[in-house]
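Inspection log for the structure reproduced underneath, given as structure tokens.
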Amino acid sequence: MQQIQPFHLAIPVANLELCRTFYRDVLHCKEGRSSDTWVDFNFFGHQLVIHQKGGLETNKAVSNPVDGHDVPVPHFGVVLRWNDWQQLANSLQEQNIEFVIEPYIRFKGKVGEQATLFFYDPEGNALEFKAFKNIDQLFSK
């Protein structure tokens with residue numbers, strides 16, 4: 001698989017410090033540049049920016065049924081290596097993160113078999129982290 005360029009994602013947050021702590025201390029994302037109204041993070045090799053935005057209501061995701069679970073939409077996250085996903089899942093469980101979808105193996109024994117988990121950040125943004133048993137099947141049908 002070819003090396004890809006990092007993506008950039010900017011999301012609004014009502015409580016900058018609460019989200020800063022979450023991404024830095026819970027997900028262990030290295031903090032980059034910042035100001036009084038925004039913070040850059042190294043989000044697993046990608047650039048995530050949280051922007052202070054007053055007057056926001058907590059995000060309320062809708063869901064879509066996938067493999068017997070109600071998957072929150074929209075959501076974002078990262079495809080990790082299998083062992084890295086397991087370490088993250090263990091770390092989140094040790095920190096008592098409340099999962100929307102507990103860590104499990106989706107499409108077991110089928111094309112696209114993957115480990116996945118879902119949870120919300122403090123602002124209600126849905127995050128998914130996954131890992132493929134065979135990364136070459138990432139875009140397979």
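A few remarks follow.
- Sole residue being surrounded by 16 or more Cβ atoms within 10 Å (Cβ to Cβ), aromatic (Phe, Trp, Tyr) and either touching a helix residue (DSSP H, G or I) at 6+ places or on another chain (Cβ under 9 Å) or at pLDDT below 95 (or both), chosen from 43, 22: 43
- The numbered conditions (1) outside any loop (DSSP other than H, G, I, E, B); (2) of a type in the set (Asp, Glu); (3) over 24 Å from residue 136 (Cα atoms) are all true for residue 84 except (3).
- On inspection, residue 50 does not qualify as out of contact with any Ser or Thr (no Cβ under 6 Å at 6 or more places or on another chain) and not in a strand (DSSP E or B).
- Considering the stretch 103-113, the residues that are in a loop (DSSP other than H, G, I, E, B) and touching a residue at least 12 places away in the same chain (Cβ under 8 Å) include one that is farthest from residue 63 (Cα to Cα), namely 111.
- Qualifying residue in the stretch 30-40 (condition: open to solvent by less than 80 Å² (accessible area, probe 1.4 Å), under 28 Å from residue 135 (Cβ atoms) and at pLDDT 95 or above): yes
- Take the conditions (1) buried (at least 18 other Cβ atoms within 10 Å of the Cβ); (2) in a loop (DSSP other than H, G, I, E, B); residue 100 misses just one of them, which is (2).
- Residue 119 satisfies every condition listed in (1) farther than 23 Å from residue 4 by Cβ; (2) surrounded by fewer than 18 Cβ atoms within 10 Å (Cβ to Cβ) except (2).
- Hey, residue 90 open to solvent by 70 Å² or more (accessible area, probe 1.4 Å) and out of contact with any Pro (no Cβ under 6 Å at 6 or more places or on another chain) or not: no
- One residue from 92, 127 being closer than 21 Å to residue 14 by Cβ, in contact (Cβ under 8 Å) with a residue 40 or more places away in the chain and not in a loop (DSSP other than H, G, I, E, B): 127
The values are calculated or read from the model by the stated rules, or taken from the named source; none is laboratory data. It should be emphasised that the depicted structure is a prediction, and the values quoted were computed from it without experimental measurement. Cβ atoms come from the backbone with ideal geometry, glycine included; neighbour counts cover every protein chain shown. To get the accessible areas, we keep the full protein, side chains included, count just its heavy atoms, and leave off ligands, DNA and RNA. Shrake-Rupley method; radii C 1.70, N 1.55, O 1.52, S 1.80 Å.
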